[in-house]
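A.B. asks: My questions all concern the structure below.
The values are calculated or read from the model by the stated rules, or taken from the named source; none is laboratory data. The model shown is predicted, which means the values in this text are computed figures rather than measured ones. Quick reminder, even Gly has a Cβ in these numbers, built from the backbone with ideal geometry, and neighbours come from all protein chains shown. Note: accessible area is taken over every heavy atom of the protein model, side chains too, but ligands, DNA and RNA are not part of it. Shrake-Rupley method; radii C 1.70, N 1.55, O 1.52, S 1.80 Å.
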Amino acid sequence: MKILLVNASDAKGGAAIVAHRLLHALNAQEGVQAKMLVAEKSTDDENVTALPKRWWLKKALDRMVIWAFNGFTKQGLWLTDGGFFGNDITKRREFQEADVIHLHWVNQGFLGLKDIKKILKSGKKVVWTMHDMWPATAVCHHAGNCDKYKTTGCKCCEQLRFPYNEDFSAKVWKKKSDYYRNSNIHFVACSSWMADHERQSLLTRHLPVTVIPNVAPVSDVHGHSKLNTGKNIQTDATNRRTICFAAAKIDDKIKGFDDLLEALNHIKHRKDVELVLIGGISDKSLLNNIPIPYRYLGYQRDMMSIYAAADCVVNCSRYETLPTTIVEAQSVGTTPVAYSHSGAIDLITDNKTGYLAEYRNTESLAKAIERAIDNPLDAGFLRKHVEDSYNENIIAHRHIEIYCSNRN
């Protein structure tokens, strides 16, 4: 069986990381040959092929259209995607040779609506992993408190500067509705929370969805577990308890960095804590608001050793399909902390595989952080939990079952 995984990148962003892990997991199975097609290639994996560099022009044009629709403001620029520009991958050899096309995160000029339509009409069986809500809404990646996608259909989009009944969210909704109507998509949701959105959306509720968590980095953590390693040199400068926060974009509002700062204000009286930040940040002046000692490490490739050195890893996102940071922390035996909301509730059983805080309650979040650093959970148990639930073979076989059920 030949599988083509399609994602905007093979390394940048959470969707890229887990899609690339799935690629390796599938190729480790007998009778499966998996390849990956991306817009931007960052690894040296011979099973990954990138589109020509002109993709960047389409990404820029796609953002310019949204910028214009929004009255030439940045509001909603990265919160929405209209699928205006993209690349026709149906003529590529990788596509034509594949038995199953497995879409992942395909936005920002990689695949446009016309390209998705061609894929659906190609006769290939299509599986689509929902890394955010975009496949089940018109244009937004996360709907927040809006429920139009499950009641009236998307229009008058709250994430646009000038919403009205026939705004571009309404136009995109009509196109998606037409494309999905007679399609053979089988959706994969990384969490039960995301599956619920698919089942409630007027766009997708008639299409099958299966909950399959992401592949965990079980094979990547050898030598990094708390069971067999000490502090990493990057986080060994002090004897403080280390609270780790990681995100591709730290100041992305969805990631909840502002909530973390408020929570840290509740424990700033403690002299034994510090914050370690990993990832990019647009406005570094925000670092001046951190109320406890901190170290900003920027982007890091060796995340596992940093997580293993930390006393807890915090994820306080507003919405998260299935927080990769939580599973990665558990896989090296570090106690995770998260809100009792969205995909985190599939990963953490409070007091057993991590600590949960009330959603958007920063005092509760502070208490959960203190519980984690003062009463860390058993590292061996956390590691075994990941091995038993999210290892490569289990997740690969669950995907293969869907691939087979969707074959002619």
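A.B. asks: Looking at (1) open to solvent by 20 Å² or more (accessible area, probe 1.4 Å); (2) on the phi < 0 side of the Ramachandran plot; (3) in contact (Cβ under 8 Å) with a residue 40 or more places away in the chain; (4) in contact with a Phe, Trp or Tyr (Cβ under 9 Å, 6 or more places away or on another chain), can you tell me which one Lys124 breaks?
C.D. replies: So Lys124 meets the others, but not (3).
A.B. asks: Kindly indicate whether Glu401 is of a type in the set (D, E, K, R), under 20 Å from Ala344 (Cα atoms) and either without any contact (Cβ under 8 Å) to a residue 12 or more places away in the chain or surrounded by fewer than 18 Cβ atoms within 10 Å (Cβ to Cβ) (or both).
C.D. replies: Against the criterion (of a type in the set (D, E, K, R), under 20 Å from Ala344 (Cα atoms) and either without any contact (Cβ under 8 Å) to a residue 12 or more places away in the chain or surrounded by fewer than 18 Cβ atoms within 10 Å (Cβ to Cβ) (or both)), Glu401 does not qualify.
A.B. asks: Then there is this: Only one residue in Cys157, Cys190 is within 30 Å of Ser340 (Cα to Cα), of a type outside the set (Asp, Glu) and in contact with a Cys (Cβ under 8 Å, 6 or more places away or on another chain), so which one is that?
C.D. replies: Exactly one of Cys157, Cys190 is within 30 Å of Ser340 (Cα to Cα), of a type outside the set (Asp, Glu) and in contact with a Cys (Cβ under 8 Å, 6 or more places away or on another chain), namely Cys157.
A.B. asks: Say we look at the range 366-398 and pick out the residues that are in contact (Cβ under 8 Å) with a residue 40 or more places away in the chain and polar (S, T, N, Q); which of these is most open to solvent (accessible area, probe 1.4 Å)?
C.D. replies: Looking at residues that are in contact (Cβ under 8 Å) with a residue 40 or more places away in the chain and polar (S, T, N, Q), I get Asn393.
A.B. asks: On to the next question. Kindly provide the set of residues from the range 234-261 that are within 23 Å of Ala308 (Cβ to Cβ), part of a loop (DSSP other than H, G, I, E, B) and open to solvent by less than 10 Å² (accessible area, probe 1.4 Å), ordered by number.
C.D. replies: Of everything in the range 234-261, just one residue is within 23 Å of Ala308 (Cβ to Cβ), part of a loop (DSSP other than H, G, I, E, B) and open to solvent by less than 10 Å² (accessible area, probe 1.4 Å), namely Ile250.
A.B. asks: Which residue is farthest from the chain's Cα centre (by Cα), if the candidates are limited to the range 262-273 and must be open to solvent by less than 40 Å² (accessible area, probe 1.4 Å) and under 17 Å from Cys316 (Cα atoms)?
C.D. replies: Ile267
A.B. asks: If you check Asp378, Asp350, Asp311, which single one turns out to be within 26 Å of Asn145 (Cβ to Cβ) and charged (D, E, K, R)?
C.D. replies: Asp350
A.B. asks: Within the range 145-212, considering only helices (runs of 4 or more DSSP H) that don't extend past its boundaries, which have at least 2 residues that are in contact with a Gly (Cβ under 6 Å, 6 or more places away or on another chain), touching a residue at least 60 places away in the same chain (Cβ under 8 Å) and crowded, with 16+ Cβ neighbours inside 10 Å?
C.D. replies: Counting at least 2 such residues, we get 168-181.
A.B. asks: Same structure again: Can you tell me which residues in the range 330-351 are in contact with a Phe, Trp or Tyr (Cβ under 9 Å, 6 or more places away or on another chain), surrounded by fewer than 24 Cβ atoms within 10 Å (Cβ to Cβ) and farther than 18 Å from Asp259 by Cβ?
C.D. replies: Residue satisfying the conditions is Asp346 alone.
A.B. asks: Turning to a different aspect of this structure: Inside the range 265-365, counting only strands (runs of 3 or more DSSP E) that do not spill past its ends, which hold 2 or more residues that are without any contact (Cβ under 8 Å) to a residue 60 or more places away in the chain?
C.D. replies: 273-280, 294-296, 335-339, 355-357
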